[in-house]
Amino acid sequence: MDKDGTANEDVIDILTTDHRQMLELLGEIEQTSDPGQRRDLTDTVIAEVMRHAVAEEMHVYPAMEEHLPNGREEVEHDKQEHDEIVQVMKRLEDADAAEPRFMELVEELQSQLRHHVDDEETDQFPKLREHIPADRLIELGEKVETAKKLAPTRPHPSAPHSELFHKTIGPGVGMVDRLLDKLTGRTTG
């Protein structure tokens, strides 16, 4: 990272910042009792989680499979966790923010995200730094940032969460999401 902290962030710096932002948003949801604000914050966190997960699946997972011992098994574990997180987010999208069930789902999402973040930051990220050259980690960071801009912002019920989907159809779905958001005045971050 440059001394000003803005350039040459590697993929681990970027993903760790994402983790902090997602968990902070979930904390804000817990601190407000206004259903409208809860809904807006939840929509934002869902969008951020989707962008993060898609970018990981597109770029980080192939690097893990290639460079880490047992990389394929680690990727399968992470994909399973992503699928579980997406299922909770789908239920959150349909939940009424004024109902107690909504906050139960927020807590479930927070618990799953904390577990996933802990796995990545304590186990996988150090392995990535150990096994992948620094310039490659910076290049992966740039790819992840680009992918996050194109990724879908909401979990789609029929969308497979596979690398092939995200590299072909996924970016188009993200553009549709953003167009719908713009038309409906909804912001997703």
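Summary table
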quantity	calculated
All helices (runs of 4 or more DSSP H) inside the range 103-189 with 3 or more residues being at pLDDT below 50 and under 20 Å from Leu92 (Cβ atoms)	170-184
Among (1) in a helix (DSSP H, G or I); (2) over 17 Å from the mean Cα position of the chain (by Cα) - the single one Pro69 does not satisfy	(1)
First in the range 60-82 and touching a residue at least 24 places away in the same chain (Cβ under 8 Å), second anywhere and β-branched (Val, Ile, Thr) and surrounded by 18 or more Cβ atoms within 10 Å (Cβ to Cβ), Cβ under 7 Å, 6 or more apart	Val60/Val11; Val60/Val144; Tyr61/Val75; Ala63/Ile132; Met64/Val75; His67/Ile132
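The values are calculated or read from the model by the stated rules, or taken from the named source; none is laboratory data. Note that the structure is a prediction, hence the values are computed from the model and not measured. FYI the Cβ positions are ideal-geometry reconstructions off the backbone, even for glycines, and counts take in every protein chain you see.
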